[in-house]
Amino acid sequence: MFEVRGYAAKDAKSPLVPFNFKRRDVGAHDIHIEILYSGICHSDLHQAHNDWGNSIYPMVPGHEIVGRVVAVGAQVKKFKVGDIAGVGCMVDSCRECASCKRDLEQYCLNHTSFTYNGTEQDKKTPTQGGYSTDIVVEERFAVKISKDLDLKAVAPLLCAGITTYSPLSHWKQNVAGKKVGVIGLGGLGHMGVKFAKAMGAHVTMITTSEAKGADAKRLGADAVLVSKDAEAMQKAAASFDFLLNTIPVSHDINPYIALLALDGVMVLVGVLTPVDPVFGGGLMLPRRSVAGSAIGGMAETQEMMDFCAKHNIVSDVEVVDMASVNQTYERLVKNDVRYRFVIDMATMKDAPVAA
């Protein structure tokens with residue numbers, strides 16, 4: 001075991017504070033990553049504040065981790081010292097169930113070990129995340145990152161990126177000419193636009209705010225549909241092959257279902273709470289589907305990272321220092337970010353130390 005520095009939530013009401021804790025020594029299949037950048041996901045805020053009622057304290061948040069490999073175990077094959085590696089939302093799974101054998105570890109039927117606010121496979125040892133100087137992880141649960149990418153802007157790809165890439169790939173929107181709508185322009189939505197456009201789709205940003213139209217087109221959208229415009233929504237009815245719904249709060253999905261063409265699919269990736277009742281007739285005529293999707297397995301996450309390297313896709317980010325994380329959380333509550341915050345972990349050396 002060795003000691004690392006981080007920032008942790010000690011309870012649901014207190015701000016994050018400096019926190020020293022221990023990581024395991026590097027095992028035969030492990031890599032030791034010196035963390036360079038750690039993205040701030042909105043779920044970090046929810047978990048730190050126990051909004052979902054499952055928080056384990058003390059908690060070091062962070063599951064969008066980019067860093068440099070500084071040590072490797074004797075049996076490691078994928079990484080060498082000096083490589084750039086990424087760690088996303090999970091650090092282990094049972095590896096034996098039907099989901100794991102299909103490289104869908106995020107849907108592990110036994111126990112997914114989430115990167116923080118979770119437990120290791122013993123279901124007892126708490127996991128701690130990326131708001132820290134170092135992490136040790138089994139090589140299967142890390143991805144290789146091209147040094148040609150802007151590393152600070154890569155971090156959100158480990159959550160926001162794979163959350164949007166996975167459904168676009170799974171439902172085969174990587175075919176030129178597909179008509180894709182991305183609902184909501186935020187941390188997830190802006191990545192959805194970039195990916196769908198790079199896959200060759202005709203991309204429409206669907207938003208409640210006409211003011212976001214210019215930025216949507218800067219990101220690659222071909223068109224903008226304002227969902228509050230009833231006439232425009234009527235004209236767009238039954239015209240989309242696929243809708244990526246990134247809205248993070250409960251809402252009425254029926255107006256969006258009406259936008260789907262025959263055999264069209266809307267995938268929910270943002271909302272974790274109940275949505276308004278769905279009108280069955282809107283699904284039956286003309287044969288539409290609503291589905292959900294969560295992050296991606298490790299093989300698909302590497303596939304996404306390679307796709308990003310090929311197309312030079314990264315997130316739009318604002319870099320912050322470690323000591324300002326609580327002020328950054330306050331801004332996040334107000335949605336005062338375009339489009340993701342990333343902590344420069346080099347600033348940890350100037351941050352306060354644990355008492």
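Picking from residues in region 42-69 that are open to solvent by 10 Å² or more (accessible area, probe 1.4 Å) and under 21 Å from MET298 (Cβ atoms), the one that is modelled with the lowest pLDDT is SER43.
Scanning region 292-342 for residues being at pLDDT 95 or above, closer than 30 Å to VAL265 by Cα and either acidic (Asp, Glu) or out of contact with any helix residue (DSSP H, G or I) (no Cβ under 8 Å at 6 or more places or on another chain) (or both) gives a total of 10.
Going by what's in this entry, would VAL91 be described as modelled with pLDDT of 95 or more and under 22 Å from the mean Cα position of the chain (by Cα)? Explain how you work it out, then say what you get.
Values: modelled with pLDDT of 95 or more: yes; under 22 Å from the mean Cα position of the chain (by Cα): yes.
Answer is yes for this residue.
Quick check on region 328-341: of everything there that is surrounded by 18 or more Cβ atoms within 10 Å (Cβ to Cβ) and out of contact with any Pro (no Cβ under 7 Å at 6 or more places or on another chain), which residue is nearest to LYS10 (Cα to Cα)? So the residue we want is TYR329. Restricting attention to region 251-281, the residues being part of a helix (DSSP H, G or I) and open to solvent by less than 50 Å² (accessible area, probe 1.4 Å) number 5.
Among the residues of region 92-139, which ones are among the acidic types (Asp, Glu) and either open to solvent by 10 Å² or more (accessible area, probe 1.4 Å) or free of Cβ contacts under 8 Å to residues at least 24 places away in the same chain (or both)?
Keep residues of region 92-139 that are among the acidic types (Asp, Glu), which gives 92, 96, 103, 105, 120, 122, 134, 138-139.
Once the filter is applied, which keeps residues that are among the acidic types (Asp, Glu) and either open to solvent by 10 Å² or more (accessible area, probe 1.4 Å) or free of Cβ contacts under 8 Å to residues at least 24 places away in the same chain (or both), region 92-139 yields ASP92, GLU96, ASP103, GLU120, ASP122, ASP134, GLU138, GLU139.
Which residues, counting only those in region 304-327, are hydroxyl-bearing (Ser, Thr, Tyr) and surrounded by fewer than 20 Cβ atoms within 10 Å (Cβ to Cβ)? Walk me through how you get there before you give the answer.
Within region 304-327, the first condition is being hydroxyl-bearing (Ser, Thr, Tyr), and the residues that meet it are 315, 324.
Of everything in region 304-327, just one residue is hydroxyl-bearing (Ser, Thr, Tyr) and surrounded by fewer than 20 Cβ atoms within 10 Å (Cβ to Cβ), namely SER324.
Against the conditions (1) over 29 Å from ASP51 (Cβ atoms); (2) at pLDDT 95 or above; (3) within 21 Å of the chain's Cα centre (by Cα), PHE240 satisfies every one except (3).
Scanning region 22-36 for residues that are open to solvent by less than 50 Å² (accessible area, probe 1.4 Å) and within 25 Å of the chain's Cα centre (by Cα) yields a total of 7. When region 239-255 is filtered for residues that are touching a Gly at 6+ places or on another chain (Cβ under 8 Å) and within 24 Å of GLY200 (Cβ to Cβ), the ones remaining, listed by number, are PHE240, ASP241, PHE242, LEU243, LEU244, ASN245, THR246. GLY281 versus (1) assigned by the TED database to the domain that holds LEU259; (2) on the phi > 0 side of the Ramachandran plot: which is the lone unmet condition? Checking GLY281 against (1) assigned by the TED database to the domain that holds LEU259; (2) on the phi > 0 side of the Ramachandran plot, the one that fails is (2). Return yes or no: is LYS152 part of a loop (DSSP other than H, G, I, E, B), modelled with pLDDT of 95 or more, closer than 30 Å to ARG218 by Cβ and open to solvent by 10 Å² or more (accessible area, probe 1.4 Å)? Taking the combined requirement at face value, the residue does not satisfy it.
Filtering region 72-91 down to residues that are among the aliphatic types (A, V, I, L, M) and open to solvent by 30 Å² or more (accessible area, probe 1.4 Å), which residue is farthest from ILE135 (Cα to Cα)? Walk me through how you get there before you give the answer.
Of all residues in region 72-91, those among the aliphatic types (A, V, I, L, M) come to 72, 74, 76, 81, 84-85, 87, 90-91.
The next check asks that each one be open to solvent by 30 Å² or more (accessible area, probe 1.4 Å); those that pass are 72, 74, 81.
Values: VAL72: 12, ALA74: 17, VAL81: 14 Å.
Among those residues, the one meeting the criterion is ALA74.
Taking each residue of region 196-213 that is touching a residue at least 60 places away in the same chain (Cβ under 8 Å) and looking for partners that are surrounded by fewer than 19 Cβ atoms within 10 Å (Cβ to Cβ) with beta-carbon atoms closer than 6 Å, six or more apart or interchain, yields ALA198/HIS311. Of everything listed in (1) out of contact with any strand residue (DSSP E or B) (no Cβ under 7 Å at 6 or more places or on another chain); (2) part of a loop (DSSP other than H, G, I, E, B); (3) not charged (D, E, K, R), the single unmet condition for PRO352 is (1).
The values are calculated or read from the model by the stated rules, or taken from the named source; none is laboratory data. What you see is a predicted model, and the numbers here were worked out from it, not measured in a lab. No Cβ is skipped: glycine too gets one built from the backbone with ideal geometry, and neighbour counts run over all protein chains shown. Keep in mind that these areas ignore ligands, DNA and RNA; they rest on the heavy atoms of the full protein, side chains included. Shrake-Rupley method; radii C 1.70, N 1.55, O 1.52, S 1.80 Å.
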